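Colleague: Sharing a structure here in structure tokens format.
The values are calculated or read from the model by the stated rules, or taken from the named source; none is laboratory data. It should be emphasised that the depicted structure is a prediction, and the values quoted were computed from it without experimental measurement. All Cβ positions, glycine included, derive from the backbone under ideal geometry; neighbour counts span all protein chains shown. Surface areas here come from the heavy atoms of the whole protein model, side chains and all, with no ligands, DNA or RNA. Shrake-Rupley method; radii C 1.70, N 1.55, O 1.52, S 1.80 Å.
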Amino acid sequence: MICPHCAAQLAARERTGQTCSRCERRFALDPKLHGRGMHDLRIRRIAERATDGGRLKVTLTQLWYLSRVSTHVWDAKPARGIRPGVRWLVAVPLALLLLVVGNLVQGATGAIGVTAAVVVVVVASSMRYRPASKAWWSITPSESAFRQAMTGPWRTAYKRLPAGVVNDDPGTPAPRESVSGRREAVILCTDPAVAVFLRVNAVPARLKARLVEAEPAAAHEALADVPAGLPVVVLHDASALGVLLAPLLRLAHPGRVVVDAGLPVSVVRTRRDAVHRISTTSTVDASDLRSVAGLAEEDAAWLAGGRWSPLAAVPPRLLESVVTAAVERALSAHPAELRSADGFLTWPAEAPARADGPSRTKGTTAG
């Protein structure tokens with residue numbers, strides 16, 4: 001690997017203890033120890049792009065998504081084959097019977113019996129039982145491994161996270177949001193990492209908007225103390241509960257402007273460089289997604305199967321521009337002008353692209 005300090009090409013024996021043998025300076029990450037792609041120069045480059053040259057601050061969650069080297073998604077598989085007890089309970093007696101017949105009968109008929117017995121054993125051996133497996137996903141490096149590397153070895157080497165990166169761990173105190181001045185709109189955000197991103201960049205204050213953070217299931221309660229006249233911009237993952245949120249809010253508040261600026265399923269479903277994950281909770285029926293959220297057949301089926309894509313994986317600069325455009329749209333719109341998928345129109349087709357190029361996605365990732 002290349003030393004991030006002196007640019008020397010280092011063999012494994014020349015970088016023991018995460019210290020360069022040439023310049024004798026400590027570095028943070030070694031791909032041999034921390035996994036493929038985990039290298040100081042690469043992480044710095046991704047952070048530089050994510051922060052737009054230092055203009056923005058980003059969260060560790062956002063940096064993790066942008067730093068991933070592969071995404072794996074596997075569909076659920078039904079049970080295959082026959083259980084060993086049942087398989088051999090039938091195969092063994094049948095094979096013995098054929099062998100006995102083959103020994104008792106002379107000539108071609110006997111040879112056929114012995115051959116048939118061998119075939120029975122071979123077929124029974126090939127029908128091994130494979131239990132059913134659930135759909136699952138993985139991202140390399142894992143979130144826990146990435147956070148440990150950045151808050152451990154990286155802090156040890158550089159005394160802080162990369163420039164412009166903030167820790168959004170649940171135990172970390174949340175950044176305060178400026179509440180001075182009049183609020184003209186509401187940003188309802190269902191992604192904690194995106195909410196931190198908006199706060200640390202003072203996006204709500206700049207747009208004269210009030211930031212409300214809530215899970216999709218608790219969104220109605222979270223808006224209970226918000227003045228009825230304020231338009232609402234909804235930010236959510238490309239998920240079953242996310243796409244239903246804006247339409248249901250419109251039904252519950254027919255006089256309120258609700259702009260859906262969530263991550264559109266149509267953008268991420270067929271992109272191999274988008275982050276696809278599997279929901280572990282119950283899913284929504286595809287017919288409900290079509291009728292309530294107005295989704296296309298393919299998009300509704302994708303979500304109903306448990307797939308979803310996180311809003312925090314969107315490049316931060318693009319995310320900021322979408323939020324800004326959505327708030328401006330909300331301030332100038334009327335409830336009757338908005339369709340169920342109106343906010344989706346604010347997202348360009350390249351929305352989920354990574355900061356350092358396409359990810360290597362394996363498994364059955366997209367439609």
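Colleague: Please determine, by comparing only the residues of the stretch 5-52 that are at positive phi and in a loop (DSSP other than H, G, I, E, B), which one is surrounded by the fewest Cβ atoms within 10 Å (Cβ to Cβ).
Modeller: GLU24
Colleague: Could you list, in sequence order, the residues of the stretch 139-152 that are open to solvent by 30 Å² or more (accessible area, probe 1.4 Å) and either assigned to a helix (DSSP H, G or I) or in contact (Cβ under 8 Å) with a residue 24 or more places away in the chain (or both)?
Modeller: THR140, GLU143, SER144, ALA145, ARG147, GLN148, THR151 - these are the residues of the stretch 139-152 that are open to solvent by 30 Å² or more (accessible area, probe 1.4 Å) and either assigned to a helix (DSSP H, G or I) or in contact (Cβ under 8 Å) with a residue 24 or more places away in the chain (or both).
Colleague: Go through the stretch 265-297 and report how many residues are touching an Asp or Glu at 6+ places or on another chain (Cβ under 9 Å), surrounded by fewer than 16 Cβ atoms within 10 Å (Cβ to Cβ) and not β-branched (Val, Ile, Thr).
Modeller: Count: 0.
Colleague: While we're looking at this one, here's another question. Would you be able to say whether some residue in the stretch 238-250 is in a loop (DSSP other than H, G, I, E, B) and either under 26 Å from GLU298 (Cβ atoms) or modelled with pLDDT of 95 or more (or both)?
Modeller: Quick first cut of the stretch 238-250, residues in a loop (DSSP other than H, G, I, E, B) only: 239.
Subsequent filtering for residues that are either under 26 Å from GLU298 (Cβ atoms) or modelled with pLDDT of 95 or more (or both) retains 239.
Looking for residues that are in a loop (DSSP other than H, G, I, E, B) and either under 26 Å from GLU298 (Cβ atoms) or modelled with pLDDT of 95 or more (or both), one finds at least one in the stretch 238-250, hence yes.
Listed here are the residues, each with its yes/no results for (1) touching a His at 6+ places or on another chain (Cβ under 9 Å); (2) part of a loop (DSSP other than H, G, I, E, B); (3) surrounded by fewer than 12 Cβ atoms within 10 Å (Cβ to Cβ); (4) modelled with pLDDT under 95.
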site: PRO162; (1), (2), (3), (4): no, yes, no, no
site: PRO170; (1), (2), (3), (4): no, yes, yes, yes
site: ALA174; (1), (2), (3), (4): no, yes, no, yes
site: SER178; (1), (2), (3), (4): no, yes, yes, yes
site: ARG183; (1), (2), (3), (4): no, yes, no, yes
site: LEU188; (1), (2), (3), (4): yes, no, no, no
site: VAL196; (1), (2), (3), (4): no, no, no, no
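Colleague: If only one of ALA330, ALA325 is within 21 Å of LEU188 (Cα to Cα), open to solvent by less than 20 Å² (accessible area, probe 1.4 Å) and in a helix (DSSP H, G or I), which one is it?
Modeller: ALA330
Colleague: Taking the stated definitions as given, is PRO264 out of contact with any Phe, Trp or Tyr (no Cβ under 7 Å at 6 or more places or on another chain) and within 21 Å of ALA325 (Cβ to Cβ)?
Modeller: no
Colleague: Give me the pairs, please: first residue somewhere in the stretch 298-317 and open to solvent by 10 Å² or more (accessible area, probe 1.4 Å), second residue anywhere and of a type in the set (Asp, Glu), beta-carbon distance under 6 Å, and either six or more positions apart or on two chains.
Modeller: Short answer, once both residue conditions are applied: TRP308/ASP237; ARG317/ASP52.
Colleague: Of the numbered conditions (1) within 23 Å of the chain's Cα centre (by Cα); (2) buried (at least 24 other Cβ atoms within 10 Å of the Cβ), VAL200 satisfies every one except a single condition; which is it?
Modeller: (2)
Colleague: Do we find that ALA219 is within 19 Å of ALA193 (Cα to Cα) and either over 14 Å from the mean Cα position of the chain (by Cα) or open to solvent by 60 Å² or more (accessible area, probe 1.4 Å) (or both) in this structure?
Modeller: Taking the combined requirement at face value, the residue satisfies it.
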